[in-house]
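Colleague: Before we start, here is the structure in question, set down as C-alpha cells.
The values are calculated or read from the model by the stated rules, or taken from the named source; none is laboratory data. Nothing here was measured: the structure is a model prediction, and the numbers come from that model. As a convention, Cβ positions derive from the backbone with ideal geometry for all residues, glycine included, and neighbour counts pool all protein chains shown.
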Amino acid sequence: MDMILGVPIAVLAGQLLLGVINGAFYALLSLGLAVIFGLLKIINFAHGALYMLGALTTVVMFDAFGVNYWVSLFLAPILVGFVGVLIEYFLLRRIAHEDHIYSLLLTFGVALVIQGVLTNIYGVSGLRYSMPDVFRGGVNLGFMFLPYYRAWVIVIALLVCFGTWFMIEKTKLGSYLRAGTEDSQLMQGFGINVPLLVSLTYGFGVMLAAFAGVLAAPIYSVSPVMGGNLLIVVFAVVVIGGMGSIAGAVITGLLMGVIEGFTKVFYPEGASAVIFLVMVIVLLIRPSGLFGKEA
Amino acid sequence: MSNPVDREYEQLRISGLHAFYGESHILHGINIVVRRGELVTLLGRNGAGRSTTLKAIMNMVGKRTGSIMINGTDTLSCAPHQIARLGVGYCPEHRGIFASLNVQENLTLPPVVRSGGMGLEEIYNMFPNLYERRFSQGSKLSGGEQQMLAMARILRTGANMLLLDEITEGLAPVIVQKLGEVLMKLKAKGLTIILVEQNFHFAAPLADRHYVMEHGQIVEEISADELEAKQSLLNNYLGV
Ligand SMILES: Nc1ncnc2c1ncn2[C@@H]1O[C@H](COP(=O)(O)OP(=O)(O)O)[C@@H](O)[C@H]1O
Ligand SMILES: [Mg+2]
C-alpha cells in the first residue's frame with residue numbers, strides 16, 4: 001500500500017476528507033457569526049442552539065409530518081431564521097443601545113433556554129435521522145472511498161458560502177451590509193431602514209446556522225446539546241480568522257477543519273486541542289486574527 | 001419643475017431645542033427658522049455646538065427635547081431614516097465615505113427620497129473626477145475627492161434641504177472654490193442649505209443669514225446686509 005510519512009494514503013485522505021467536512025461546518029457557522037457581528041457588533045452565543053434547532057426541526061418534521069430532506073433544506077432554515085428575527089425584534093433590539101456585553105449575555109441566555117426546554121422534551125441521547133436514498137453508498141476514487149453524502153455536504157456548503165460572499169461583496173443589498181458594518185447610524189441618516197436591515201441580517205445569519213444543522217442531521221447525532229460543543233470550536237475559529245472578513249471566516253473554517261484532520265492522523269491525542277493551540281498562537285502574534293483589520 | 005420657489009415657506013423651524021449626549025447637556029434651547037431656498041450658516045468656535053445642532057436635526061444625538069418641524073411636521077419622534085425621507089440630505093463633518101464601498105457604490109447607497117434629484121450622468125458632469133474614479137474604493141480617495149463624493153451622494157437623492165458640516169475643512173483652495181460654485185448652483189435651483197463653516201470668507205458671499213453659536217446657544221442672528229455693520233461683533237464671537 002502507498003504510504004506518506006509512514007501513513008497509508010487511504011488513511012490520510014480519509015482523515016483529510018473528514019477534516020474538510022468538519023471545516024465546511026465551521027465555515028458555515030463562522031460565516032453566520034461574522035455576518036451578524038458586522039452589523040450588530042455582538043457575538044451571537046445562540047448560534048450553536050440555532051444550528052441545533054435546524055437539525056432538530058429536520059428530524060421532527062420528518063417524524064411527525066414526513067417532510068423529506070430536500071424540503072427541510074429550505075424549510076428548516078426559513079423557520080429557524082424566523083425564530084432569529086423574533087429574537088432580534090423582541091429581545092436584542094430592546095437593549096441594542098446598551099453596552100454590547102448585555103446583548104452577548106442575552107444571546108447566551110437564549111441559547112440555554114432553547115437547549116434546556118428541548119432537552120426536557122427530547123432528552124440528550126440523540127435522535128435518528130436517515131439520509132435520503134440517493135446519498136447511500138459512494139464512489140471509490142482509487143486512493144480512498146468517498147461517500148456521496150460527504151461529497152454533497154462539501155459542495156453545497158462551499159456553494160452557500162460563495163453565494164453569501166458574492167451577495168455581500170458584489171450586490172446592492174450587500175453594499176448596505178458593508179456600509180452598515182462601518183457606520184450604521186449614518187446609513188440610517190441617508191434614509192435606509194436600518195432596524196429592518198438589522199432584523200433581516202440576524203435572521204440571515206441564523207439561517208446559515210440552521211442550514212448547517214440540516215446538513216448535519218444525517219451524519220451527526222441530533223440532540224438538543226449538539227450545538228454547544230461545536231460552538232466552542234467555532235468561536236476559536238472566529239478568533240483565529242478575525243471578525244473583520246467574510247471570506248476570512250470561510251477560509252479559516254476550512255483550514256481549521258483540515259488541520260484538525262491532519263492532527264488526527266499524526267497525533268490523534270492532540271486533535272481536539274489543536275485548534276485551540278492555533279488560537280493561542282494567533283492571539284499572541286496577531287491579536288486581531290489572520291484576516292482581521294489591525295486595530 | 002421650474003415652479004417658483006415659495007420663499008416664505010418654512011422648511012425648518014427649531015424651537016427650544018435641548019440636546020444631550022448621555023448625561024452631557026450640549027444644546028440649551030436653540031431657535032432657528034430656515035425658509036425654502038435660503039442658505040443659512042451656523043458659525044461659532046470649535047465646540048460651540050454647531051455639529052450637534054445638525055446631528056440633533058437628524059436624530060443622531062442622545063436625548064432631545066423641544067421641537068423640530070420639517071415641512072410643518074414635528075420630527076422629534078421620527079427615526080433618522082424617516083427624517084431623511086422628508087427630503088433632508090446630511091453631509092457629516094468627517095464626510096462619512098464608506099471605505100469598503102467603491103465610489104459608485106457610495107454614490108448610489110442613499111435611496112432616492114424625492115423626485116427631482118440629479119441623475120448619475122449629471123453628477124458625473126459636475127464632478128468629473130468622481131467619474132474617473134468610480135470603481136476606486138472609498139478608502140483610496142484623496143480628501144478633496146471624498147468631499148466631492150460626500151456632496152454628490154446627497155444630490156442624487158433629491159433631498160431639498162441640505163445639512164453640510166464643514167465641507168471645506170482641510171481642502172486645497174481650488175477645491176474650496178469648486179465647492180463654492182456647486183453651492184451657488186444648488187442655491188439657484190432653490191435648495192435650502194444649512195452650512196456649518198469655519199471658513200467665513202467661503203461662507204459670507206453665499207449666505208443669506210448667519211446664526212452665531214456659543215456654548216450650545218444661539219447668541220446672534222445676522223442677515224447678509226447687516227454683515228458689514230456687525231463685523232467686529234462677529235469677529236469677537238469667532239475669536240478672529
Ligand atoms: N459624541 C459626543 N459625546 C459627548 N460630547 C460630545 C460629543 N460630540 C460632541 N460633544 C461635545 O459637545 C460640544 C459641542 O460639540 P460640537 O457640536 O461638535 O461643536 P462644533 O461642531 O461647534 O465644533 C463640545 O463640547 C463637544 O465636546
Ligand atoms: Mg463640528
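Colleague: Only residues that are among the aliphatic types (A, V, I, L, M), over 19 Å from residue A:58 (Cα atoms) and assigned to a helix (DSSP H, G or I): list them for region A:79-94, please.
Modeller: A:85, A:86, A:87, A:92
Colleague: Moving on to the next point. Output the number of the condition that residue B:194 fails; it satisfies all remaining conditions of (1) out of contact with any Pro (no Cβ under 7 Å at 6 or more places or on another chain); (2) of a type outside the set (Gly, Ala, Ser); (3) crowded, with 22+ Cβ neighbours inside 10 Å; (4) within 14 Å of chain A (Cβ to nearest Cβ).
Modeller: (4)
Colleague: Taking region B:16-73 as the search range and keeping residues that are within 14 Å of chain A (Cβ to nearest Cβ) and away from ligand 1 (no atom under 13 Å from the Cβ), which one is surrounded by the fewest Cβ atoms within 10 Å (Cβ to Cβ)?
Modeller: B:70
Colleague: Look at residue A:11 and say whether it is modelled with pLDDT under 95 and within 23 Å of residue A:177 (Cβ to Cβ).
Modeller: Criteria not met by residue A:11.
Colleague: Within 14 Å of another protein chain (Cβ to nearest Cβ), part of a loop (DSSP other than H, G, I, E, B) and touching a residue at least 12 places away in the same chain (Cβ under 8 Å): is that true of residue A:192 in this structure?
Modeller: In short, yes.
A quick yes/no check of all residues on (1) over 17 Å from the mean Cα position of the chain (by Cα); (2) crowded, with 23+ Cβ neighbours inside 10 Å; (3) in contact (Cβ under 8 Å) with a residue 60 or more places away in the chain; (4) within 14 Å of chain B (Cβ to nearest Cβ):
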{"position": "A:163", "(1), (2), (3), (4)": "no, no, no, no"}
{"position": "A:208", "(1), (2), (3), (4)": "no, yes, yes, no"}
{"position": "A:216", "(1), (2), (3), (4)": "no, yes, yes, no"}
{"position": "A:223", "(1), (2), (3), (4)": "no, no, yes, no"}
{"position": "A:237", "(1), (2), (3), (4)": "no, yes, yes, no"}
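Colleague: Additional query: Tally up the residues in region B:181-201 that are free of Cβ contacts under 8 Å to residues at least 40 places away in the same chain, over 22 Å from residue B:35 (Cβ atoms) and away from ligand 2 (no atom under 14 Å from the Cβ), please.
Modeller: Result for region B:181-201: 2.
Colleague: Is it true that residue B:84 is under 25 Å from residue A:178 (Cα atoms) and surrounded by fewer than 20 Cβ atoms within 10 Å (Cβ to Cβ)?
Modeller: When the stated conditions are applied, residue B:84 does not pass them.
Colleague: Give me the residue from region A:258-295 that is in contact (Cβ under 8 Å) with a residue 24 or more places away in the chain and within 20 Å of residue A:4 (Cα to Cα) and, out of that set, farthest from the chain's Cα centre (by Cα).
Modeller: Residue satisfying both the conditions and the ranking: A:266.
Colleague: Among the residues in region B:161-169, are any more than 16 Å from ligand 1 (Cβ to nearest atom), surrounded by 15 or more Cβ atoms within 10 Å (Cβ to Cβ) and under 21 Å from residue B:103 (Cα atoms)?
Modeller: yes
Colleague: Looking only at region A:267-295, how many residues end up being among the basic types (Lys, Arg) and at pLDDT 85 or above?
Modeller: 1
Colleague: Still on this structure, I have one more. In region B:101-179, which helices (runs of 4 or more DSSP H) lie fully inside it and hold 1 or more residues that are within 13 Å of chain A (Cβ to nearest Cβ) and in contact (Cβ under 8 Å) with a residue 40 or more places away in the chain?
Modeller: Output list reads B:103-108, B:143-155.
Colleague: Oh, and also: I'm told residue B:95 meets every condition in (1) outside any loop (DSSP other than H, G, I, E, B); (2) within 11 Å of chain A (Cβ to nearest Cβ); (3) out of contact with any strand residue (DSSP E or B) (no Cβ under 6 Å at 6 or more places or on another chain) except one. Can you identify the failing condition by its number?
Modeller: (1)
Colleague: May I ask you to list the residues in region A:64-78 that are touching a residue at least 40 places away in the same chain (Cβ under 8 Å) and either within 17 Å of the chain's Cα centre (by Cα) or in a helix (DSSP H, G or I) (or both)?
Modeller: Result: A:69, A:70, A:72, A:73, A:76, A:77, A:78.
Colleague: So, one more: Please work out which one of (1) crowded, with 22+ Cβ neighbours inside 10 Å; (2) within 16 Å of ligand 2 (Cβ to nearest atom) is the condition residue B:89 fails and give its number.
Modeller: (2)
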